[in-house]
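> I am attaching a structure below and will ask some questions about it afterwards.
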């Protein structure tokens, strides 16, 4: 508590009683003033605290909004990164599968020979009564002729190099009706494009 206010003036002429009364009155006045000041200060303090509470709530709300926004942005970025990695992985798998298919075609593996049987048989069925000239890679000419003979695919009347018609394929076969009006596409490229979406779906299911 602040030091009591001292009487100012010449007190030598006052009696001890007057001095005592004066001091008491002054002290009473001071004490009352201090009480009022403390009360006022307490009220102001509560008022200030209320304002602080409001400000804190506001700050917390803003902070939470920013945090949620950042979380959403991070979640979007995470999803983008995941999709990016999935695409990268699928591209790598696709490239590996394609290279494997080309390798088997070059080596004329057992699997590739079965593939050639399948495409030539399917071409024959699609052509029906139409007579078809088959075009394959130079390395596959003898293989195709052997399959046509063994499978008795009589409507596939001849086998030629694709270069004779200015085309280049990596495997499988092209067919052209004898009249030249219809083309049949059973190339390795076409087969790969058709099975790719299904493969993608299966791989994506595994990655999810």
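Only the coordinates and a few stated rules stand behind these numbers; no lab work does. Since the structure is predicted, the reported quantities are computational estimates derived from the model, not experimental observations. Every residue, glycine among them, receives a Cβ derived from its backbone with ideal geometry; neighbour counts consider all protein chains shown.
> Once the piece of chain linking residue 189 and residue 98 is laid out straight, how much longer is it, given 0.36 nm per residue of separation minus the C-alpha distance between them?
Numbers: separation 91, 0.36 × 91 = 32.76 nm, distance 0.90 nm.
Stretched out fully, the residue 189 to residue 98 stretch lengthens by 31.9 nm.
> How big is D, in µm² s⁻¹, for the stretch 108-207 by Stokes-Einstein at 20 °C and 1.002 mPa s if Rh is the Kirkwood radius over C-alpha pairs? Each step should come with its number before you reach the end.
Details: Rh = 14.0 Å.
Rounded to a whole number, D works out at 153 µm²/s.
> Here is a follow-up. Within the stretch 71-114, which residues have the backbone N less than 15 Å from the label spot 7 Å out from residue 146 along Cα→beta-carbon, could you tell me?
The answer is 105-114.
> Still on this structure: Taking 0.36 nm per residue of sequence separation and subtracting the Cα-Cα distance, how much length would be gained by fully extending the chain between residue 110 and residue 61, in nm to one decimal? Could the numbers behind the result be given before it?
On the way: separation 49, 0.36 × 49 = 17.64 nm, distance 6.86 nm.
Using 0.36 nm per residue and subtracting the Cα-Cα distance, I get 10.8 nm.
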